[in-house]
């Protein structure tokens, strides 16, 4: 039996963290001795780690301490494969200096160039950003393999960071259809239920600059002139106050509702007439694929992930122009053409099957086996 260890900063409520738990849990326990190592023993998804997966964590807080503790752990447990979700350079340094022959895989869900331009990450000095870019370039060339969640993420690595295409494998993020189907029947918050009406629009994600919720709110201000829709935004983050101020300024109180973090977002999404994503960029867009799995047509601004998930005019609409007018027009098209919306809903559910967890876990399983053979 081969040993595999997934490493993450924590199990905070993010897409990478959910994917890591889903994939590691789904790997064949008869073939893999599975461990998850966290730099901080915290996060919303801790409860999702099954008892069959060993869970370990660091005790220190500094980056240097993380390297030393992980290196010690690697030397003690001697895994065949170490898979890093985030904290890539820390993990690579720890494994290489442990010198036990373990192979290292990075799982990248975001184009690095987009991350470097992301306003959510405040580079204190331009030199810090430059140093990070250079170190990332070196790390991506030294790692044994990289899993990219979309072709756009892969292309960015090859074009801008000189990574050899031969070390990259495109593996999409999974959807746990069983979990989704069990979750959609749960009741939503009573206050949100009281405000629910038709048509209903749902969006979800961190309340952060990258998700570009101000664009969606501006689009709602335009849409409401023609369609009496209500918008429910699921998520939490640093942009909440700014968004509430914008909602108030546009006269959308009670029309746009911020519903906070939802451990079960699907109970909202499945009730929606359309799901919308207005991110500046998405390496994949888990929630977009999950909305399709719920049988909900989608509207998404164009970026690498959505372009790979959504078949424009078939199971949703891709908005090429990141403008409020363009988003409002796309939402109006879906919401007012009932026959088209029904057709898109059926196509969306069928298309999402290609991201089913067993299939994606199987891709990881066979690829990991090749890497450690």
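Mind listing whichever residues of segment 213-229 are out of contact with any helix residue (DSSP H, G or I) (no Cβ under 7 Å at 6 or more places or on another chain), free of Cβ contacts under 8 Å to residues at least 60 places away in the same chain and surrounded by 18 or more Cβ atoms within 10 Å (Cβ to Cβ)?
224
Return the total of residues in segment 72-89 being in contact with a helix residue (DSSP H, G or I) (Cβ under 6 Å, 6 or more places away or on another chain), surrounded by fewer than 21 Cβ atoms within 10 Å (Cβ to Cβ) and farther than 19 Å from residue 163 by Cα.
Result for segment 72-89: 2.
Residue 206 fails exactly one of the following numbered conditions: (1) in a loop (DSSP other than H, G, I, E, B); (2) out of contact with any strand residue (DSSP E or B) (no Cβ under 9 Å at 6 or more places or on another chain). What is the number of that condition?
Looking at each condition in turn, residue 206 falls short on (2).
Using the structure shown, decide if residue 309 is touching a residue at least 12 places away in the same chain (Cβ under 8 Å) and over 21 Å from residue 218 (Cα atoms).
So residue 309 fits the description; yes.
One line per residue, one yes/no per condition, for (1) more than 26 Å from residue 139 (Cα to Cα); (2) in contact with a strand residue (DSSP E or B) (Cβ under 7 Å, 6 or more places away or on another chain); (3) touching a residue at least 12 places away in the same chain (Cβ under 8 Å); (4) in a helix (DSSP H, G or I):
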{"site": "17", "(1), (2), (3), (4)": "no, yes, yes, yes"}
{"site": "24", "(1), (2), (3), (4)": "no, yes, yes, yes"}
{"site": "36", "(1), (2), (3), (4)": "no, yes, yes, no"}
{"site": "44", "(1), (2), (3), (4)": "yes, no, yes, no"}
{"site": "47", "(1), (2), (3), (4)": "yes, no, no, yes"}
{"site": "50", "(1), (2), (3), (4)": "yes, no, yes, no"}
{"site": "64", "(1), (2), (3), (4)": "no, no, no, yes"}
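Condition test on residue 269, is it under 20 Å from the mean Cα position of the chain (by Cα), closer than 24 Å to residue 316 by Cα, at pLDDT 95 or above and buried (at least 18 other Cβ atoms within 10 Å of the Cβ)?
yes
Is one or more of the residues making up segment 338-349 crowded, with 21+ Cβ neighbours inside 10 Å, modelled with pLDDT of 95 or more and more than 14 Å from residue 296 (Cα to Cα)?
no
For residue 106, only one of the following conditions fails: (1) touching a helix residue (DSSP H, G or I) at 6+ places or on another chain (Cβ under 9 Å); (2) within 25 Å of residue 177 (Cβ to Cβ). What is its number?
Unmet for residue 106, out of (1) touching a helix residue (DSSP H, G or I) at 6+ places or on another chain (Cβ under 9 Å); (2) within 25 Å of residue 177 (Cβ to Cβ): (2).
Taking residue 46 and the conditions (1) closer than 18 Å to residue 12 by Cβ; (2) surrounded by fewer than 18 Cβ atoms within 10 Å (Cβ to Cβ); (3) at pLDDT below 90, which numbered condition does it fall short on, given that it satisfies the others?
Result: residue 46 passes all but (3).
Could you tell me whether residue 156 is touching a helix residue (DSSP H, G or I) at 6+ places or on another chain (Cβ under 9 Å), in a helix (DSSP H, G or I), buried (at least 16 other Cβ atoms within 10 Å of the Cβ) and not assigned by TED's automatic domain parsing to the domain that holds residue 22?
So residue 156 does not fit the description; no.
Residue 346: out of contact with any strand residue (DSSP E or B) (no Cβ under 9 Å at 6 or more places or on another chain) and part of a helix (DSSP H, G or I), yes or no?
Answer is yes for this residue.
Out of segment 230-242, which residues are at pLDDT 95 or above and surrounded by fewer than 19 Cβ atoms within 10 Å (Cβ to Cβ)?
If the condition is that a residue be at pLDDT 95 or above and surrounded by fewer than 19 Cβ atoms within 10 Å (Cβ to Cβ), then 240, 241, 242 are the ones that fit.
When you scan segment 293-306, do you find a residue that is in a helix (DSSP H, G or I) and free of Cβ contacts under 8 Å to residues at least 60 places away in the same chain, even just one?
Yes, that holds for at least one residue.
Since residue 192 meets every condition but one in (1) in a helix (DSSP H, G or I); (2) surrounded by 21 or more Cβ atoms within 10 Å (Cβ to Cβ); (3) touching a strand residue (DSSP E or B) at 6+ places or on another chain (Cβ under 7 Å), which condition does it not meet?
Every listed condition holds for residue 192 apart from (2).
The values are calculated or read from the model by the stated rules, or taken from the named source; none is laboratory data. Computed from a predicted model, the values in this text were never measured in an experiment. Neighbour counts run over all protein chains shown; Cβ positions are idealised from the backbone, glycine included.
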